[in-house]
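Colleague: Quick one: this structure, given as structure tokens, is what I'll be asking you about.
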Amino acid sequence: MHVPNTGFDRLGGFLRGLGWILVSITVTACGDQPWNSPYPPDQADRNILYSSFSARPKHLDPAQSYSANEIVFTGQIYEPPLQYAFLKRPYQLEPLTATQIPEPYYLDSNRQRLPDDAPTDAIAFSVYDIEIRPGIRYQPHPAFAKDDQGAFIYHHLKATDLQDVSSLADFPRTGTRELVAADYVYEIKRLAHPHLHSPIFGLMADYIVGLKDYAVTLSKAAEKLAKSGESSPPVLKLDDFPLEGASVLDRYHYRVLVRGKYPQFRYWLAMPFFAPVPWEADVFYQQPGMKERNITLDWYPVGTGPYMLTVNDPNRQMVLERNPNFRGEAYPDQGEPGDAAAGFLKDAGRQMPFIDKVVYSLEKEAIPTWNKFLQGYYDVSGVSSDSFDQAIQIGSGGDISLTPGMQAKGIHLSTAISSSEYYMGFNMLDPVVGGQSERARLLRHAISIAMDYEEYISIFANGRGIPAQSPLPPGIFGYRAGKAGMNPYVYDWTPRGPKRKSVEEARRLLAKAGYPGGRDVKTGKPLTLYLDATGNGPDVSALQNWIRKQFGKLDIQLQIRSTDYNRFQDKMLKGTEQIFQWGWNADYPDPENFLFLLYSKNAKFKKNGENAANYSNPEYDRLFEQMKNMANGPQRQAIIDRMIDILRRDAPWAFGYHPKQFVLYHDWYFNAKPNLMANNVLKYKRIDPQLREQKRHEWNKPIVWPLGLIALLVVLMVIPAVVGYRRHENRRTLAEQR
Amino acid sequence: MLAYIIRRLLYAIPILVGVNLITFVLFFVVNSPDDVARMHLGMKHVTPDAVEKWKVEHGYDQPLLYNRDAPGVEQLTDTIFFEKSVKLFAFEFGSSDAGRNIGEDISQRMWPSLAIALPTLLLGLLVHISFAMLLAFFRGSYLDLSGVILSVVLMSISGLFYIIAGQFLFSKVLHLVPISGYEPGWQAWRFVLLPVVIGVISALGSSGRWYRTIFLEEIGRDYVRTARAKGLPELKLLFTHVLKNAMVPILTGIVVVLPLLFMGSLIMESFFGIPGLGSYTIEAIQKQDFAIVRAMVFLGSVLYILGLLLTDLSYTLVDPRIRLS
């Protein structure tokens, strides 16, 4: 019996056709690159580094950007006068655009020059005269574009001129000019700009002469401009307002006048806050209509560095490309012992940057990021806790290495101790755990012993960290290793290194403090302490249970007052917390940047400083004031040793741990030596794109047969339906024929 | 009908004011203006003076809802709530607290969201309705029973599992599509394919069961029996007559979500690295950017109200007996 063509037959034909079309499109669209490649086919084999970012950077304006995820970009674009030597350890500064590291000279309060060895008390001002190299040019940018008559093309734009503009790339003409000293002075002035809210303004206003008053002057001028309605938004011409603390000496020289003696100022000169900003950029970006299109200096940086931001789509991708006007810089030929053997000096003397382009893709989740690294689509990766066991194995002796799977793929591991510390702080204003009484001190010591940070690092940080013996991490001047660097109040020295004192010892101290068995001898009531914490979720809950367990070893009842970060910060500012956990990441590699965290004038309560424990010890303060202005040397080391002894005795912190950074990179990625202080490390990196392409093909061959299996399964599921349908229709036809 | 539309749009105004007020209160119960300022200024070296300046510049220096010190009506208008809310009704979203133009961001981010949501909806409709029709056609048979079991199984699996399993199987093991990422233009299809397929499969269980129920109810009606008696092929009967008459409940579920397609899907976009609007609001909440939060909640409310209105209007198109008054 003839059965006419049904809808199912037509559908089958359609699906077959669709299948062929899809395969054809896939093959055409992917070219000869792997099908799962997330990059366009024309990027195969090219000298492009691929990386990711998980949150869009908030600020790219050098006066504002401070977070690590912002400096990843600004560090490659902007060039402050100094930089950190890439290979040398301990970290040391070297000139970048400056001709040399500026050596300050000193003035007294009458502005008379003092000898270099003048006592600190006599020094009223430090003068930094900085000379920059001639011939450095800015990246191509429309702010510099001029017509044949030498007039700026894009400095007087009307609303109609911006109709077809949605990004910086929509301006067809660009220009450049030479970097001059005035650009550095201009940026220092911008730190005080009332609309920029530079995070270091408060700090720098205490040092750069006149900066505080300068901010007031600019605020008044901005108000006046806004009221007059001369321009909207009000555009301040900073060159019209001189700043005493920053002045231009000539085309290539400028001067910064710093209050008192502040040797750490040189470290700030290696940060993007002190990078040059051309006045043309401010004029260009502040034109009406630019901000509405998100075209601002905060989003489109203008620098002299090796790279420039060519694509800024923070919702998807950010792209740095080689700055064609970059002057070139030689790869260093000196490092620390072992660098040559590790291959870090192979590129010595070669012109940088090595990589043409860097593509940063937005990746919010750790799993896809990790898998793309394993597929060869990212060149470098961190190690998240989800992928730790797949990547890292820890031997019985605590030695860390890559798993065989990672080694087989040619992946390498690089580790470095961060210049950071996580700690448990005691509010020294608290009547129970705070203060300088013997009772409180013994209680803090007992808790410091009970808090087993070795276990913490093993459980919560996958072994990525070392227990802290003081506020100073390794690599910072003043840090002492071995027995000399051990905290004797918490550890005992053994042939295998420091060993945390026993819980029995902690309980003995607790009893001595007046809390035998965790009960107050005066009242007989159990000792209850309060930890103010932030965050929630299973991870935080596990951590809090662990902390409770540590206090439980001493029979101390710990109440955890969990709240959101805002309330937590509020408590810290009001000084109402009792115990808390906190961390610090160094701004620069100087002990002052850690030891100031316990200087009484920096107390969090009332002074809004970074001394979160509100610790105050006159002797410590005196030593800090002495130490902070000293050059590194035996005298400074001796003072630091005394300061650390005081801290260990007073125990305002239970010193936690210094995290260890783990970085994985592929075989085709070179010069991977970690430098946790430098912001501009991209120019030193090199890749072998041919090897990468070969590996990508090897690792990502498409496997098609399961698709056929899926199709077969679908067909097997559809056949009964087709058969059933035909049977049903035949029955109806037969019934009608009868 | 015009009067009906105007009346519905006027009803929307108090609803939007209410939504805006609730969003405002909820946000500022958790975050004070000082908290917002501190969050935007960063964690290090932030002075009280900088916090105050930031608040003044961003309009957070006024009282929240009621200005006791102001005269007359300004007691209500010289407040953060009024200042921040009134422009929303003209669809002027202004700048985010971080300084970016919200309207511009929304206009950029809605396209990737649509690139996933629209094909998922259309392909989903085709597959889910066909699947449900199939089950309805073989009602009471083993095929129907298998389909219902499959639906329950699919409904019982978490949406996140589909995403992770899909990425693992098709991207990591089979190397067929990129695991995540996005390219604008036609190249987007390579990145959209897997999310769309996952979106369709993950909704197959619930949608298939829902549509099956609708079709079964419709198949039992007299006109279906009459059509069969007149010899109409079953496939034509189902896809022409039954489907058309079952459109009212189907439309109720679909048209209302049409405008919300712009808003995107949070988890899908997050895992596949799609730069859509789905994660925009969550990012803003995490960063305490009230300007974006209120703009997105307002936009979501407007689109939802629009969706409900469109649903009512679409009834008149599929069922001429319905009259709006």
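Colleague: Scan the stretch A:315-335 for residues that are exposed (fewer than 13 other Cβ atoms within 10 Å of the Cβ) and part of a strand (DSSP E or B) and jot them down. It would help to see each step written out before you state the result.
Modeller: Initially, the stretch A:315-335 is screened for residues exposed (fewer than 13 other Cβ atoms within 10 Å of the Cβ), giving A:324, A:328, A:330, A:333-334.
A:ALA330, the sole residue that qualifies.
Colleague: Considering the stretch B:254-295 alone, what residues qualify as being under 15 Å from the mean Cα position of the chain (by Cα), of a type outside the set (S, T, N, Q) and either assigned to a loop (DSSP other than H, G, I, E, B) or within 14 Å of another protein chain (Cβ to nearest Cβ) (or both)?
Modeller: Within the stretch B:254-295, B:LEU258, B:GLY264, B:LEU266, B:ILE267, B:MET268, B:GLU269, B:GLY276, B:LEU277, B:GLY278, B:TYR280, B:ILE282 qualify.
Colleague: Looking for something away from chain A (no Cβ under 11 Å), of a type outside the set (Gly, Ala, Ser), touching an Asp or Glu at 6+ places or on another chain (Cβ under 9 Å) and over 26 Å from B:THR316 (Cβ atoms) - is there at least one such residue anywhere in the stretch B:217-236? Explain how you work it out, then say what you get.
Modeller: Pass one, the stretch B:217-236, residues away from chain A (no Cβ under 11 Å): B:217-227.
Adding the requirement that they be of a type outside the set (Gly, Ala, Ser) leaves B:217-219, B:221-226.
From the residues that got through so far, the ones that are touching an Asp or Glu at 6+ places or on another chain (Cβ under 9 Å) too are B:224.
Now drop any that are not over 26 Å from B:THR316 (Cβ atoms), which leaves none.
So far as the stretch B:217-236 goes, no, none of its residues is away from chain A (no Cβ under 11 Å), of a type outside the set (Gly, Ala, Ser), touching an Asp or Glu at 6+ places or on another chain (Cβ under 9 Å) and over 26 Å from B:THR316 (Cβ atoms).
Colleague: Name the single residue that is surrounded by the fewest Cβ atoms within 10 Å (Cβ to Cβ) among those in the stretch B:87-133 being within 30 Å of B:SER206 (Cβ to Cβ) and among the hydroxyl-bearing types (Ser, Thr, Tyr).
Modeller: B:SER130
Colleague: Further, regarding this structure: Mind counting the residues in the stretch A:513-559 that are among the basic types (Lys, Arg) and surrounded by 13 or more Cβ atoms within 10 Å (Cβ to Cβ)? Quick ask: steps written out before the conclusion?
Modeller: At the first step, the residues of the stretch A:513-559 found to be among the basic types (Lys, Arg) are A:519, A:522, A:525, A:548-549, A:553.
Right, trim to surrounded by 13 or more Cβ atoms within 10 Å (Cβ to Cβ) and you get A:519, A:548-549, A:553.
Matching residues across the stretch A:513-559 total 4.
Colleague: Looking at B:VAL46, is it outside any helix (DSSP H, G or I), closer than 30 Å to A:LEU573 by Cβ and of a type in the set (Val, Ile, Thr)?
Modeller: On the way: outside any helix (DSSP H, G or I): yes; closer than 30 Å to A:LEU573 by Cβ: yes; of a type in the set (Val, Ile, Thr): yes.
For B:VAL46, the condition - outside any helix (DSSP H, G or I), closer than 30 Å to A:LEU573 by Cβ and of a type in the set (Val, Ile, Thr) - is met.
Colleague: Here is a check on your reading of the model: is A:ILE466 crowded, with 19+ Cβ neighbours inside 10 Å and of a type in the set (Val, Ile, Thr)?
Modeller: Details: crowded, with 19+ Cβ neighbours inside 10 Å: no; of a type in the set (Val, Ile, Thr): yes.
Judged against the criteria, A:ILE466 is not a match.
Colleague: Could you tell me whether A:ASN679 is surrounded by 15 or more Cβ atoms within 10 Å (Cβ to Cβ), within 28 Å of A:SER384 (Cα to Cα) and within 12 Å of chain B (Cβ to nearest Cβ)? Reasoning before the result, please.
Modeller: Values: surrounded by 15 or more Cβ atoms within 10 Å (Cβ to Cβ): yes; within 28 Å of A:SER384 (Cα to Cα): yes; within 12 Å of chain B (Cβ to nearest Cβ): no.
Answer is no for this residue.
Conditions (1) in contact with a Ser or Thr (Cβ under 7 Å, 6 or more places away or on another chain); (2) at pLDDT 95 or above; (3) more than 14 Å from chain B (Cβ to nearest Cβ), marked per residue:
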residue	(1), (2), (3)
A:ASP282	no, no, yes
A:GLN287	no, no, yes
A:THR296	no, no, no
A:PRO301	yes, yes, yes
A:PRO306	no, yes, yes
A:ASP313	no, no, no
A:VAL319	yes, yes, no
A:ARG322	no, yes, yes
A:TYR331	no, yes, yes
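Colleague: Residue by residue through the stretch B:19-43, note down the ones that are in a helix (DSSP H, G or I), surrounded by 15 or more Cβ atoms within 10 Å (Cβ to Cβ) and touching a residue at least 24 places away in the same chain (Cβ under 8 Å).
Modeller: Result: B:VAL19, B:ASN20, B:THR23, B:PHE24, B:PHE27, B:PHE28, B:PRO33, B:ASP35, B:VAL36, B:MET39, B:HIS40.
Colleague: To continue, here is another question. Considering only the stretch A:113-126, I want to know if a residue exists there that is in contact with a helix residue (DSSP H, G or I) (Cβ under 9 Å, 6 or more places away or on another chain) and without any contact (Cβ under 8 Å) to a residue 40 or more places away in the chain. Before the answer, list the steps.
Modeller: Here is the first cut: in the stretch A:113-126, the ones in contact with a helix residue (DSSP H, G or I) (Cβ under 9 Å, 6 or more places away or on another chain) are A:114, A:120, A:126.
From the residues that got through so far, the ones that are without any contact (Cβ under 8 Å) to a residue 40 or more places away in the chain too are A:114.
Yes, the conditions are met somewhere in the stretch A:113-126.
Colleague: Which is facing chain A (nearest Cβ under 10 Å) and either closer than 30 Å to A:TYR360 by Cβ or touching a residue at least 12 places away in the same chain (Cβ under 8 Å) (or both), of B:PHE161, B:PHE131, B:PHE191? Walk me through how you get there before you give the answer.
Modeller: On the way: B:PHE161 fails: facing chain A (nearest Cβ under 10 Å); B:PHE131 fails: facing chain A (nearest Cβ under 10 Å).
None of the other options fit; the residue is B:PHE191.
Colleague: From A:LEU243, A:LEU238, which residue is at pLDDT below 95, touching a helix residue (DSSP H, G or I) at 6+ places or on another chain (Cβ under 6 Å), closer than 25 Å to B:VAL46 by Cβ and among the hydrophobic types (A, V, I, L, M, F, W, C)?
Modeller: Details: A:LEU243 fails: at pLDDT below 95.
When all the criteria are applied, what remains is A:LEU238.
Colleague: Further question on the same structure: Which residues, taken from the stretch B:109-149, are under 30 Å from B:PHE93 (Cβ atoms) and either in contact with an Asp or Glu (Cβ under 8 Å, 6 or more places away or on another chain) or of a type in the set (D, E, K, R) (or both)? Give the steps one after another, and end with the answer.
Modeller: Applying the first criterion (under 30 Å from B:PHE93 (Cβ atoms)) to the stretch B:109-149 yields B:109-122.
Correct list: B:ARG109, B:PRO112, B:SER113, B:ILE116.
Colleague: If you don't mind, another one. Among A:ALA192, A:ALA205, A:ALA226, A:ALA222, which is the only one that is modelled with pLDDT of 85 or more and more than 21 Å from A:PRO81 (Cα to Cα)?
Modeller: On the way: A:ALA192 fails: more than 21 Å from A:PRO81 (Cα to Cα); A:ALA205 fails: more than 21 Å from A:PRO81 (Cα to Cα); A:ALA226 fails: modelled with pLDDT of 85 or more.
Just a single option satisfies the conditions, and that option is A:ALA222.
Colleague: Right, something else. With the condition kept exactly as written, say whether any residue in the stretch A:476-488 is farther than 29 Å from A:GLN92 by Cα and either part of a loop (DSSP other than H, G, I, E, B) or of a type in the set (Val, Ile, Thr) (or both). If you could, list the steps in order and put the result at the bottom.
Modeller: Of the stretch A:476-488, the ones farther than 29 Å from A:GLN92 by Cα are A:488.
Remaining after also requiring either part of a loop (DSSP other than H, G, I, E, B) or of a type in the set (Val, Ile, Thr) (or both): A:488.
Checked against the condition, which is being farther than 29 Å from A:GLN92 by Cα and either part of a loop (DSSP other than H, G, I, E, B) or of a type in the set (Val, Ile, Thr) (or both), the stretch A:476-488 yields at least one hit.
Colleague: Something else now. If we keep just the residues of the stretch A:695-738 that are within 50 Å of the chain's Cα centre (by Cα) and among the charged types (D, E, K, R), which is farthest from B:ILE201 (Cα to Cα)?
Modeller: Ranking the candidates gives A:LYS695 first.
Colleague: Moving on to the next point. Wholly within the stretch A:376-461, which helices (runs of 4 or more DSSP H) include no fewer than the required count, namely at least 2 residues that are among the basic types (Lys, Arg) and surrounded by 15 or more Cβ atoms within 10 Å (Cβ to Cβ)? Explain how you work it out, then say what you get.
Modeller: Details: elements: A:388-391, A:404-408, A:438-450, A:453-460.
Correct list: A:438-450.
Colleague: Output the residue which, of all residues in the stretch A:151-176 that are farther than 16 Å from A:HIS141 by Cα and either within 32 Å of the chain's Cα centre (by Cα) or surrounded by fewer than 17 Cβ atoms within 10 Å (Cβ to Cβ) (or both), is modelled with the lowest pLDDT. Don't jump to the end; show me each part of the working.
Modeller: We begin by selecting, within the stretch A:151-176, every residue farther than 16 Å from A:HIS141 by Cα; these are A:158-164.
Then keep just the ones that are either within 32 Å of the chain's Cα centre (by Cα) or surrounded by fewer than 17 Cβ atoms within 10 Å (Cβ to Cβ) (or both); that gives A:158-161, A:163-164.
Numbers: A:LYS158: 87, A:ALA159: 81, A:THR160: 85, A:ASP161: 88, A:GLN163: 87, A:ASP164: 87.
If we take residues in the stretch A:151-176 being farther than 16 Å from A:HIS141 by Cα and either within 32 Å of the chain's Cα centre (by Cα) or surrounded by fewer than 17 Cβ atoms within 10 Å (Cβ to Cβ) (or both), then A:ALA159 is modelled with the lowest pLDDT.
Colleague: Additional query: Quick one: count up the residues across the stretch A:239-256 that are touching a residue at least 24 places away in the same chain (Cβ under 8 Å) and either buried (at least 22 other Cβ atoms within 10 Å of the Cβ) or among the acidic types (Asp, Glu) (or both). Give the derivation first.
Modeller: Of the residues in the stretch A:239-256, the ones touching a residue at least 24 places away in the same chain (Cβ under 8 Å) are A:239, A:241, A:243-256.
Then keep just the ones that are either buried (at least 22 other Cβ atoms within 10 Å of the Cβ) or among the acidic types (Asp, Glu) (or both); that gives A:239, A:243-246, A:250, A:254, A:256.
Residues meeting the conditions: 8.
Colleague: Continuing with this model, one more query. Residues that are buried (at least 18 other Cβ atoms within 10 Å of the Cβ) and outside the structural domain of A:LEU93 (by TED's automatic domain parsing): does the stretch A:277-287 have at least one?
Modeller: Filtering the stretch A:277-287 down to residues buried (at least 18 other Cβ atoms within 10 Å of the Cβ) leaves A:277-278, A:280-282, A:284-285, A:287.
Next, from what is left, pick out any that are outside the structural domain of A:LEU93 (by TED's automatic domain parsing): none.
Scanning the stretch A:277-287 turns up no residue that is buried (at least 18 other Cβ atoms within 10 Å of the Cβ) and outside the structural domain of A:LEU93 (by TED's automatic domain parsing).
Colleague: So which of B:GLY231, B:GLY181, B:GLY208 is part of a loop (DSSP other than H, G, I, E, B) and either modelled with pLDDT of 90 or more or buried (at least 18 other Cβ atoms within 10 Å of the Cβ) (or both)? Don't jump to the end; show me each part of the working.
Modeller: Working: B:GLY231 fails: either modelled with pLDDT of 90 or more or buried (at least 18 other Cβ atoms within 10 Å of the Cβ) (or both); B:GLY208 fails: part of a loop (DSSP other than H, G, I, E, B).
Going through B:GLY231, B:GLY181, B:GLY208 in turn, just one is part of a loop (DSSP other than H, G, I, E, B) and either modelled with pLDDT of 90 or more or buried (at least 18 other Cβ atoms within 10 Å of the Cβ) (or both): B:GLY181.
Colleague: Quick test of your reading of the structure: A:GLY338 fulfils all but one of (1) in a loop (DSSP other than H, G, I, E, B); (2) surrounded by 13 or more Cβ atoms within 10 Å (Cβ to Cβ). Name the failing condition by number.
Modeller: Failed condition: (2).
Colleague: Name the residue that is surrounded by the most Cβ atoms within 10 Å (Cβ to Cβ), counting only residues in the stretch A:594-629 that are free of Cβ contacts under 8 Å to residues at least 12 places away in the same chain and part of a loop (DSSP other than H, G, I, E, B).
Modeller: Among them, the one singled out is A:GLY609.
Colleague: For the stretch A:572-583, state whether one or more residues are within 21 Å of A:GLU421 (Cβ to Cβ) and without any contact (Cβ under 8 Å) to a residue 12 or more places away in the chain.
Modeller: If we filter the stretch A:572-583 for residues that are within 21 Å of A:GLU421 (Cβ to Cβ), which is where we start, we get A:572, A:577-583.
Filter once more, keeping what is without any contact (Cβ under 8 Å) to a residue 12 or more places away in the chain: none.
Scanning the stretch A:572-583 turns up no residue that is within 21 Å of A:GLU421 (Cβ to Cβ) and without any contact (Cβ under 8 Å) to a residue 12 or more places away in the chain.
Colleague: Right, next: Give the number of residues within the stretch A:696-716 that are under 24 Å from B:GLY147 (Cα atoms) and surrounded by fewer than 14 Cβ atoms within 10 Å (Cβ to Cβ).
Modeller: From the stretch A:696-716, those under 24 Å from B:GLY147 (Cα atoms) are A:706-716; that's our starting set.
Subsequent filtering for residues that are surrounded by fewer than 14 Cβ atoms within 10 Å (Cβ to Cβ) retains A:706, A:708-716.
Residues that pass the stated criteria total 10.
Colleague: If I ask for residues that are small (Gly, Ala, Ser) and over 10 Å from A:ALA651 (Cα atoms), which ones from the stretch A:447-460 would you list?
Modeller: The initial filter retains those residues of the stretch A:447-460 that are small (Gly, Ala, Ser), namely A:448, A:450, A:458.
Answer for the stretch A:447-460, where residues must be small (Gly, Ala, Ser) and over 10 Å from A:ALA651 (Cα atoms): A:ALA450, A:SER458.
The values are calculated or read from the model by the stated rules, or taken from the named source; none is laboratory data. For clarity, every value in this text was computed on a predicted model and none was experimentally measured. Ideal geometry is used to build each Cβ from the backbone, glycine not excepted, and the neighbour counts take in all protein chains shown.
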